[in-house]
Every structure is written in structure tokens, then in C-alpha cells.
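The values are calculated or read from the model by the stated rules, or taken from the named source; none is laboratory data. Just so it is clear, the model here is predicted, and its values are computed rather than measured. Every residue, glycine among them, receives a Cβ derived from its backbone with ideal geometry; neighbour counts consider all protein chains shown. The protein model used for the area step is the full one, side chains on, heavy atoms only, and it has no ligands, DNA or RNA in it. Shrake-Rupley method; radii C 1.70, N 1.55, O 1.52, S 1.80 Å.
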Amino acid sequence: MTTTEADQAARAAGTTTGTTTAPAATTAEHRGRARISARVRILLWLLLVMTVAFGSVATTVRTILLRDTDQRIGDLLAQEAIEFTQFEEQGIDPKSKGPFTDPSQLLRVFLQRQHADADEELIGLVAGKDGDLSKIIQPREIPARVPLHQDEDARRRIFDSPRTTGTLERPTGEIRWAKVSIAPYGGEPDAAFIVAFHPQREQQRADEVFRVLLAISGVALLMTTGIGWVVAGRILQPVRLVRAAAAQLTEQDLTRRIPVHGRDDIAALAETFNAMLDRLERAFAAQREFVDDAGHELRTPITIVRGHLEVMGDDPAEREETMRVVTDELDRMSRIVEDLLLLAKAERPDFVTPGPVQLGELTADVYVKARALGERDWVLAEVTDAEVRLDPQRITQAMVQLAQNAVQHTARGQTIRIGSRADGPHIELYVADSGTGVRTQDADVIFERFRRGTTRRGSHGSGAGLGLSIVRAIAEAHGGRVRLYDTEGGGATFVLTLHEARLEGALP
């Protein structure tokens, strides 16, 4: 192998390898991306939304409960402070029958008349001459770990604080407090009334509600997971069927359809997919039929050409006859190929170029061109003077093809009529002959490709059976159709019906 050949082989191998590897890598990457099914993704998003919603609700409820607890504790402290202030100003000492002059007596009498809440402490503090604080308390149990009356340091900090309310953070628990100082002679306070509240139990109740909500949310999430899994599976079942059907579709088997249940969007998707499969099945069937028919039609002239060339001798007359036959068959093959290309082009949106046309002039032009096709009794039957919108070249091509078909199936001297007429918002162009007509069983097939019917109406037809297919393609490209009728007195009438081709203001 030469260097050039080796390089070419290496490049070919590299190209083949790259072509083979790239789709494999793409497929692997695609599988990696599509590993999580739509059902799981829906469920995950549902769980995420539900988790955020439940968490937000539980957190909001806990915040509201704590805020209400703080508000209630603040109101309770303020109320106790106001009651003590009013008692200090208006209270009567039971011993002296006059205003209180002794802070200890004031605090003791007031505390005897008060009933505190379970987490509330009412304490009276009296400062001695040596700076020590004596306490006056209500003899009852306090549920706090370390009540304020047992915490001397905390009592001192509250007594010495210049504020009247506050929060005291302790290792043994938080205390919310309010203080009313007692200074009988306007000097330094020598006593104080303290209201202390231990909020731990109230906060624990809020936390307990929070935990209960979280537990309920967890159970709700589990139920949502199960229900969501079942519901998502039922909703997405048609989608899975679509995927399974698409995976099983092949060019040889397009018969699988998806059962449609319900009237929702998923059912509409299944109906749309089934309709697409119907179109694909028809398209593949038409393609296979078209390929088979085209192969059959082209195989015959190729066989004729090959056979004549193989037996052709040296005799000039024989060579001339062989060349004539070969040329005729090649011309027929060329016409078949041109017709096939024209039919393929009919699927394109630019197959026709409509424009304003005078229908009367177009009909007359078709009549003049058709007269040269054969010695027949040509008649311009009727003409509609209207301005229409169509492609004059394509319509002329279709009408001439119909005229050629009429010539092939009539004898010399027989009548062929050409005309145009208006039918409401539509227009019709027709070619009617006086030949033998078309059999009923042939009327539905002669417009198909490579179909000529079960019998010939004359002996002059040598086409491939594509002419009427071209006529139908031109009519359908204009939004119309071609129809076949029996001619009165014998023969066949082909009518091009073009829907809504008339222009506004056209003559009737």
C-alpha cells in the first residue's frame, strides 16, 4: 500500500470511528440526562412544594404562638405593676388604719391579697441598712427549675437595675420581670415589688404544637407521596404508552395505536399521536407503492433497451431500427422521470404561484393549444368571463393533460369539448369527450399513480399512468379537486373544481 493510500485509509477509519463513537457518546449522555422519569420528577416537585408549604405553616404557627405568649406575659406584668402602684397609693394599713408607712408591711399585705399564675412570682424586696435584701414571698410551689426567690444574684440584679421591665437570661432559665420601686420619702428606693414570669412552659407548649404540626406534615407528605405516585402514574400512562409505541414502531409495522381514555390533555396527546401514526402509515404505504410502481414502470423500458442492444447486429437497417426503439424507450423513461419529479415537487409550497387571471382568456388559450393534439372535432363549449386567482401555467398544464387523455381515448372525428363555468363562489374547467367512457370500477383508481384502469378506451395510450395524478396534484395545490362524470351520450367528462378562486368584484 502506498503512502497516499495509507493516509486515505487512516482518514476513512478515523471518520468511521468518529461517526460510530459520537452517536454512542450522545446516546449515553442522553440516557444519563433522562434517567429520572417524568413521574418521579413530578413527585419530587410535589414533595418539595408540599414540604415548603407545611414547613412554612408550622413555622408561622409557632411564631404566632410565641408572639401571643410574649404579648400575654407583657400584659400580665404590666397589670400586676399597675395594681401594686394603685394599692401603694390608695391602700390602708390594717394595723394603723391609715396609709402605709412601712414598705415591709405594704408588701406583705399586698402579697397576701394576690393570687399569682402558676409560672408567676410576686416578690417583695426590702433593703437593710447593711445593704442586704430581705425577701417577702408567697408560700407556694413554683414549677420553674430555680425560682427567683431562690436566686439571690438574680434578685440583686433586678433590684439594682434602673429599668422597670426587662428580661433576665440565666443558665437555669429565662425570666421576664417588671419592678415597682418603693421610696416613701423621695430618696433612694429601700424596697421594691417584683413580678417575675418564667416563660419556659409557655414556650414549650408552642414548641410542642410545632412538633405536632411537623409530625402531621410528615404523615401528610407520606400520604401525598403514595397518592401522588398513583395519580401521576394514571395520568402519565398514555405518555408511557406513546413512548412504548414509538419505541416499537418500525417502517414495516405502523399498525400499533394507543387506547384513548378520558377527555383531558393526555387523551388529546394520545389522539394526536394516533393521528400522526395514521398519516405515517398512509405515507409509508404510498411511498412503498410508489417505489414499487416506479420500479416496475422503469424496469420494462430498461429491459427492452438492454434486449435490443444485446441482439443488435452489424446490419445498418437493423442498427437503425434498434436505435429507434432504444431512443423511443429512453424518451419514455425521461417522461416518467419528469412526471415523477413534478409529482414530488407538488408537495412543496411553491408548486403553484397564483395570480389574477381572466378565466375567459385562459379557457380560449387552452382550446387553441389542445387543437394541435389530434384531429378531433374540437368545440369551445362555454366560457365564463370572470377574473380569478390561480396559476395559469399549472392550470394550462392540467387542462392540456386532460385534453391529451381525451385524444388518446377517442377516434378521429369524435367530439372533444372544452369549457369553463362559474358555480357560486367556485369555478369549473372541464374537458368532455365522446369516447367509450370509464368503467365504474376504474373511476376511483385512475387518478392514482401508475394506474390506467382495467381496460383501455383506445389504442393510442402509451403513458405511464401519471398524467391524471399530475392533474389531481395541480387541482389540490389550488385547494380544489378533479372529478369524473359520464358524458351525456357516451364518453367521459373531467372537471377541475377550484374553490374560492374568484376575486372580489369579478363578473358573474
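Do we have any residue at all in region 223-233 that's without any contact (Cβ under 8 Å) to a residue 12 or more places away in the chain, out of contact with any His (no Cβ under 6 Å at 6 or more places or on another chain) and not in a helix (DSSP H, G or I)? Within region 223-233 (the criterion being without any contact (Cβ under 8 Å) to a residue 12 or more places away in the chain, out of contact with any His (no Cβ under 6 Å at 6 or more places or on another chain) and not in a helix (DSSP H, G or I)), the answer is no, since none of the residues qualifies. Residues that are touching a Lys or Arg at 6+ places or on another chain (Cβ under 9 Å), outside any helix (DSSP H, G or I) and not small (Gly, Ala, Ser) within region 314-359 comprise Phe351, Val352, Thr353, Pro354, Pro356, Val357, listed in sequence order.
In summary, Glu318 fulfils each of the numbered conditions (1) modelled with pLDDT of 80 or more; (2) open to solvent by 90 Å² or more (accessible area, probe 1.4 Å) with the single exception of condition (2).
Let's see how each residue does on (1) surrounded by fewer than 17 Cβ atoms within 10 Å (Cβ to Cβ); (2) in a loop (DSSP other than H, G, I, E, B); (3) of a type in the set (A, V, I, L, M, F, W, C):
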{"position": "Gly131", "(1), (2), (3)": "yes, yes, no"}
{"position": "Ile142", "(1), (2), (3)": "no, yes, yes"}
{"position": "Arg145", "(1), (2), (3)": "yes, yes, no"}
{"position": "Arg155", "(1), (2), (3)": "no, no, no"}
{"position": "Thr167", "(1), (2), (3)": "yes, no, no"}
{"position": "Trp177", "(1), (2), (3)": "no, no, yes"}
{"position": "Ala196", "(1), (2), (3)": "no, no, yes"}
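Taken over region 340-373, the criterion of being surrounded by 18 or more Cβ atoms within 10 Å (Cβ to Cβ), under 15 Å from Ala432 (Cα atoms) and either of a type in the set (Gly, Ala, Ser) or free of Cβ contacts under 8 Å to residues at least 40 places away in the same chain (or both) is satisfied by Ala370 alone. In region 485-508, which residues are open to solvent by 10 Å² or more (accessible area, probe 1.4 Å) and modelled with pLDDT of 90 or more? The answer is Thr493, and nothing else. Among the candidates Arg472, Arg421, the residue that is outside any loop (DSSP other than H, G, I, E, B), basic (Lys, Arg), out of contact with any Ser or Thr (no Cβ under 7 Å at 6 or more places or on another chain) and modelled with pLDDT of 80 or more is uniquely Arg472. Close Cβ contacts (under 7 Å, 6 or more residues apart or on different chains) running from residues in region 52-66 that are over 15 Å from Gly218 (Cβ atoms) to residues that are aliphatic (A, V, I, L, M) and assigned to a helix (DSSP H, G or I) comprise Val61/Val209; Val61/Leu213; Arg62/Ala206; Arg62/Val209; Leu65/Ala206; Leu65/Val209; Leu66/Ala206. The residues on offer are Arg62, Arg113, Arg67, and the sole one that is crowded, with 18+ Cβ neighbours inside 10 Å and among the basic types (Lys, Arg) is Arg62.
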